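Since the structure comes first, as structure tokens, the remarks are kept for the end.
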Amino acid sequence: MTRRYSRWSIGARLTLWYSLVLLAGLALFGAGIWVVVTHSLMATIDDTLAAQVKGVSTVLQSEYRPGNPEHLREELSEYAEATPEGNLIEVRDPQGAVLIGSRAASTAAASSRYRTFATNVTVEGANFRVVVATPLAGAAATLRRLRQLLLWAAPVVLLIASVGGYWISRRALAPVDAITRAAQTIGIENLSHRLDVPAAGDELARLSATWNGMLERLEAAVKRLSQFTADASHELRTPIAVIRATAELTLRRERSTETYRQALGHILDDADRATRLMEDLLLLARADAALSALPLDRVELTPLVRDICQQGQVLAEERDLAIFTEVPEQPVFVAANDPALRRLLLLLVDNALKYTPAGGYITVSVALDSSGPTVTVRDTGIGIPDAALPHVFERFYRVDESRTRDAGGAGLGLSIAQWIAQRHHARLEAESVVGRGSAFRVRFPQA
């Protein structure tokens, strides 16, 4: 399936989102500036009109003479002539007659191009109507220039910011491109290569370090797989080669019935060995794929350990060995899969029988302490060197190649035992002293 990638790079998408956010911010900023300037201009105009009304009120308070409207009209006219935009002042007496005013004042009161302010002024019981106005042309011109400035400046700022943002994003993402190019050069044949980790300690440094960690794990897994394949091929080739050689030698000339019987017996033994090896390999393959689910039940250890020792007793007697059991009087239970647990203990007992010289003995003990149940398989065998002890659970690992081959093992038994222990949430531990013997201990979790 072909994966479709976006035609927009991360840098372009970041720049687009940044530009959209900036555009929204500029729009909000421009709207805010417009509202504030408009409010400020209108407030200034209103203050001017209020001052004019106050002046007219002062003249009325000081110059009003009942029955002498002409005198008041003259004083108001002088005040209007001395005041800027005085022709836009209109004053009416209590009867509604115009004391001062003009057609311009009457027109301003009904026009949207003027700002008007009207109020009543009471002097000695007489109620005068005062209307003042001022043109809005100056404020409109100021707002028009502000609008032009915002409309011209916003695109320029947006363009400069977008170009700058794209340049910054390209510089910030350049190490990602470098990591991508370096990662593309790494394949199965050069997994030992690593990415350069920036010294900045930022997200890109963590990304490079994480990638290197993944490569390290992948390299180790490939090495284990290659070694596993090589070892499996070697182990399978040996019995197959023996079977073929035995068959070829037997068929070269006529032989007695007993000779044929012996040859077929050898072939059967090697076929059994190959079959067991294949079964072990399949079990480990299922374990690696996490396909094998082990249902756990409540199992008592004492009868199970005794059964295991009885099964191993036949092989022990053939090799002049003894098997002993040490179990507590009270029952000890664990959560386990009975067949799998039996195989685990049989593998440990079989391993002890293989490497214990004649005259020795194996002890299988059960114990219960504060940490949980424990089963220990201890022998008086040849022991394991300290350098080899950490590797005994690795697949196909052999402490001594010739010794292991003589013992008839392929190096998978302890690996399988380790896997079974892990599926029981238990720990399989090993301790050994060369020349004195080894002990393998299975520690189960507290029930």
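The values are calculated or read from the model by the stated rules, or taken from the named source; none is laboratory data. It should be emphasised that the depicted structure is a prediction, and the values quoted were computed from it without experimental measurement. Ideal geometry is used to build each Cβ from the backbone, glycine not excepted, and the neighbour counts take in all protein chains shown. Protein only, heavy atoms only, side chains kept; ligands, DNA and RNA dropped before computing areas. Shrake-Rupley method; radii C 1.70, N 1.55, O 1.52, S 1.80 Å.
Tell me what the chain gives for mean residue ellipticity at 222 nm when only DSSP H runs of n ≥ 4 count, each as -39,500 (n - 2.57), the sum divided by the residue total, rounded to 500 deg cm²/dmol. Could the numbers behind the result be given before it?
Values: 10 runs with 257 residues, N = 447.
Mean residue ellipticity, 222 nm, calculated: -20500 deg cm²/dmol.
Rg and Dmax, both from the Cα atoms of the range 58-154 and both in Å, are 17.5, 64. Taking P(r) over Cα pairs in 20 Å bins from 0, in percent as calculated from this structure, the corresponding entry among (1) 22, 47, 22, 8, 1; (2) 16, 24, 16, 12, 11, 13, 7, 1, 0; (3) 26, 55, 19, 1 is (2). Here the Kirkwood formula puts the hydrodynamic radius of the range 1-81 at 18.6 Å, using every distinct Cα pair.
Among 15-25, 335-345, what's the highest-first ranking by average C-beta atoms within 10 angstrom per residue? Don't skip to the end; give the middle numbers.
On the way: 15-25: 14.4, 335-345: 19.4.
Packing proxy ranking, top to bottom: 335-345, 15-25.
Assign unit charges at the C-beta atoms only (+1 for Lys and Arg, -1 for Asp and Glu), then state the dipole size of the range 1-82 relative to its Cα centre in Debye, rounded to the nearest 20. Walk me through the numbers on the way to the answer.
On the way: 7 positive and 8 negative charges, 326 e Å.
About 1560 debye.
Note that the range 133-228 shows a convex hull volume over its alpha carbon atoms of 137 Å³ per residue. For the range 74-171, what relative contact order do you get, as a whole percent, if you take Cα pairs closer than 8 Å and at least 6 residues apart? Relative CO of the range 74-171 lands at 21 percent.
Taking the DSSP bridge list for the chain and keeping only pairs wholly inside it, about 90 percent are antiparallel. Between the C-alpha center of the range 162-204 and that of the range 327-343 there is a gap of 54 Å. Take the chain with all the other protein chains still there, run a 1.4 Å probe, and you get 61 Å² of accessible area per residue.
Taking the centroid of alpha carbons for each part, the range 256-276 and the range 430-446 are 36 Å apart. Its relative contact order, with pairs defined as Cα atoms under 8 Å and 6+ residues apart, puts the chain at 9 percent. With respect to the chain, whose longest principal axis is taken over its alpha-carbon atoms, helix 10-63 is tilted by about 20°. Between the alpha-carbon centres of the range 357-392 and the range 298-326 there is a gap of 14 Å. Sorted largest first by accessible area at a 1.4 angstrom probe radius, with every protein chain in place, the residues 40, 208 fall in the order 40, 208.
Expressed as a whole percentage, what fraction of the accessible surface of the chain belongs to carbon and sulfur atoms when a 1.4 Å probe is rolled over the protein heavy atoms?
Numbers: 15810 of 27380 Å².
That share works out to 58 percent.
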